[in-house]
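A quick write-up on the structure given underneath.
Please treat every number below as a calculation from the coordinates, not as lab data. For clarity, every value in this text was computed on a predicted model and none was experimentally measured. When we count neighbours, we look across all protein chains shown, and the Cβ atoms used for this are built from the backbone with ideal geometry, even at glycine.
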Amino acid sequence: MKRGRCVSLALLLSFSIATAAYARTTFLDLAVADAKKSPRAVNLLEVPFYMAGEKHPKVKQDLGEFSTDQRTSGVARSDEAACQIAFLSAIIQLQKRANAQGGNAVVDVRSITRHQDLASATQFRCAAGAVVANVALTGRVVKMASK
């Protein structure tokens, strides 16, 4: 009987610790340039994207605003590395939407992660937890005027 209580207590304690660790959320504002230069970005970024406030060529046609919410595992990764992967995944989803809509760029990209919005020409916002990193973005799919 005593051993059963010890086992139950140990299980309860481990679940409590795991829940507390899982619940951690740290909001990070990270450099877009660093994510673009990361080894994972090579050959992935096919459609040009421009962050909110970043200068871009003239827009010929606006095809709509679209959002994406991407997560990646943070296990065995730094918060920054996991956030960069989630950011690149979100950009790739916006680029796929641009291709599907007939657009050739995504402009005014801004972070909308967990309602902690950030409109920046140089940074994106990420919610990093003990297990998962999350980046949500919104942007306008457009056709740029050809030169």
For Lys55, list the aspartates and glutamates whose Cα falls under 19 Å from its own Cα; do not include residues on the same chain fewer than 8 positions away.
-> Asp34, Glu46, Glu65, Asp108
Computed for the range 25-144: size of charge dipole around the Cα centre, +1 on C-beta of each Lys and Arg, -1 on C-beta of each Asp and Glu, debye to nearest 20, value 300
Farthest positive-ward along the range 25-144 dipole, Cα basis, beta-carbon charges - from Phe49, Asn99, Ser67 = Asn99
Whole-Å distance linking the alpha carbon centroid of the range 34-57 with that of the range 117-147 is 10
Rounded, prolate or oblate (a/c below 1.5 giving rounded, otherwise prolate when a/b exceeds b/c) for the range 25-144 by Cα gyration tensor | prolate
